Amino acid sequence: MACKMLIFDLREAEKNFFKENKFENYEIKFFQESLNEKTVENISKEDLENAMIISVFTTSEITEKVIEKFKNLRIVSTRSTSCEHINFKSCINKNIAIINVEKYGNNSVAQFTFTLILALVRQLFPAILAVKNSTCLKNNFTGRNLANLTLGIIGTGAIGASVCKIAHAFDMNILAYDINPKEELKEKYNVKYVEMDELLRNSDIVSLHLPYNKDTYHIMSGNEFKKMKNNSYFINVSRGELVNLDTLLKYVKNGKLQGVGLDVVACVDSNCLEDVKKIERSTLQCLEESNVVKELNSYSNVLITPHMSFETQESVDYILEKTFDGLKDFVSGGHKYRII
């Protein structure tokens, strides 16, 4: 008998994978919407009673109330590394396994990091708009040569290490901060590990590549932005919660920062971004931050993208392959992909 599986947060890029691959041991039903306390009310009684597996992305909110709705749920599979959108305690109480996907999109995110860097340093966005508006002769689009700049990388895990590799190819000077320095990065890419303060004071571009936890919440705030060089650039493709947006806006307004590239923000309130973000805090806090995001987005030297740095077809296919590998491993009694 096939296992009933409900897949939520289905994206266009994922559809080809299911067209090209058949899963005879699964009875799969797809939902484009995210799963949360509101949308779970629209799921049929049959699906709630018979679903053994649900697969979600970070845009879903798997709360205790959501879990209580499913009568025979055995596995929550998230197509992400992050699991903060899942209530661990409720899953443990009901003996429901949580499976995630590790180390996807390292190269994709690193490449996107440099997409933002090059777009900002070479003034690509205002230049394109000027040409479209036939005002290009009135503007100065003089940029900088990356080989003359110092890149400060905060966090040299898999993605940060890939950023080091690309920076080295651009012949950049590379500073890094990490509680676990990697000797191979020093040897291969001439990475120099320094303390956070030194990195902030000496980097022309600061790029953030850390996971989100209680120790990294708002790791970039007032003191950190104040220490950065005048006319420097700031990039965040990691997690929105790492950055205090209020203080970031302050340093955009006063002209200290030459450019900002954000692929992630903690809360948003705009049509183009709302589908790829979840509200993680109270409504009031999210509303306040949404207004900050809107104001940041009004500046021509600020680029905000809708959490797309990881999303290449290769990364999407990898995530889905590992998702089903994880399910197969779990059914066989393994724990390779299991969080709890």
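The values are calculated or read from the model by the stated rules, or taken from the named source; none is laboratory data. As the structure is a prediction and not an experimental result, all values here were calculated from the model. No Cβ is skipped: glycine too gets one built from the backbone with ideal geometry, and neighbour counts run over all protein chains shown. Remember, those area values only see protein heavy atoms, side chains included, never the ligands or the DNA or RNA. Shrake-Rupley method; radii C 1.70, N 1.55, O 1.52, S 1.80 Å.
Averaging over all projection directions, find the projected area of the Cα convex hull of segment 142-185 and quote it in nm² with one decimal place.
Averaged projected area of segment 142-185's Cα convex hull equals 3.2 nm².
How much FRET efficiency would the formula 1/(1 + (r/R0)^6) give for residue 95 and residue 21, where r is the Cβ-Cβ distance and R0 is 30 Å, rounded to 0.05?
0.55
For segment 159-253, what is the Kirkwood hydrodynamic radius in Å, using each pair of distinct C-alpha atoms?
In segment 159-253 this quantity evaluates to 13.9 Å.
FRET efficiency for residue 48 and residue 308, Cβ-Cβ distance as r, R0 = 35 Å, nearest 0.05?
FRET efficiency, residue 48 to residue 308: 0.60.
Evaluate the relative contact order of segment 207-258 (contact order divided by residue number), counting alpha-carbon pairs under 8 angstrom at least 6 apart; express in whole percent.
Result for segment 207-258 is 48 percent.
Within a Cβ distance under 11 Å of residue 94, other residues only, what is the Lys/Arg minus Asp/Glu net charge?
Around residue 94, the surrounding residues sum to +1.
First compute the accessible area of the chain with a 1.4 Å probe, then give the percent of it belonging to carbon and sulfur atoms.
48
What is the gain in length, in nm to one decimal, between residue 37 and residue 250 on full extension, counting 0.36 nm per residue of separation less the C-alpha to C-alpha distance?
73.1 nm
Post the alpha-carbon centroid distance, segment 313-340 to segment 25-64, in whole angstrom.
The two parts, judged by their Cα centres, are 18 Å apart.
Relative to the present Cα-Cα distance, how much length would full extension add between residue 198 and residue 122 at 0.36 nm per residue of separation?
Using 0.36 nm per residue and subtracting the Cα-Cα distance, I get 24.8 nm.
For the chain, set up a Gaussian network in which alpha carbons nearer than 10 Å are linked by springs, and say which option among 14, 61, 46 fluctuates the most.
Checking each option, the largest mean-square fluctuation is seen for 46.
Which of the three applies to segment 21-130, rounded, prolate or oblate, going by the alpha-carbon gyration tensor with a ≥ b ≥ c and a/c under 1.5 meaning rounded?
Prolate shape, in that a/c is at least 1.5 and a/b is the bigger ratio.
Given the DSSP H assignment, sum -39500 (n - 2.57) over each helix run of at least 4 residues in the chain and divide by its residue total; what's the result at 222 nm in deg cm²/dmol, nearest 500?
Computed ellipticity for the chain at 222 nm equals -11000 deg cm²/dmol.
Could you tell me which of rounded, prolate or oblate describes the chain, using a ≥ b ≥ c as the square roots of the eigenvalues of the alpha-carbon gyration tensor, with rounded for a/c under 1.5 and, failing that, prolate when a/b is larger than b/c and oblate otherwise?
It is prolate, given that a/c is not under 1.5 and a/b is the larger ratio.
May I ask you to evaluate 6.51 cos²θ - 1.76 cosθ + 1.60, the Karplus curve with θ = phi - 60°, for each residue of segment 315-326 and list the ³J(HN,Hα) values in order in whole Hz, giving x for glycine and proline?
Whole-Hz 3J(HN,Hα) from phi for segment 315-326: 5, 4, 5, 4, 4, 5, 4, 5, 4, 6, 4, x.
What are the ³J(HN,Hα) values, in whole Hz, obtained from phi via the Karplus relation 6.51 cos²θ - 1.76 cosθ + 1.60 with θ = phi - 60°, for each residue of segment 34-42 in sequence order, with x given for Gly and Pro?
6, 9, 7, 5, 7, 6, 5, 5, 8
How large is the accessible surface per residue of the chain, computed with a 1.4 Å probe and reported in Å² as a whole number?
Dividing the accessible area of the chain by its residue count gives 51 Å².
So what is the relative contact order of segment 149-241, in percent, for Cα pairs below 8 Å that sit 6 or more residues apart?
Computed value for segment 149-241: 32 percent relative contact order.
Name the residue from 96, 157, 235 whose Cα lies farthest towards the positive end of the charge dipole of the chain, charges +1 on Cβ of Lys and Arg and -1 on Cβ of Asp and Glu.
It is 235, whose Cα lies furthest towards the positive end.
Amide H neighbours of residue 3 under 5 Å, counting only residues 5+ apart in sequence or on other chains, H built in-plane at 1.01 Å?
Answer set, sorted by chain and number: 26, 27.
Hey, what did the chain get for relative contact order, percent, Cα under 8 Å, at least 6 apart?
Numbers: 612 pairs, mean separation 53.1, N = 340.
That works out to 16 percent.
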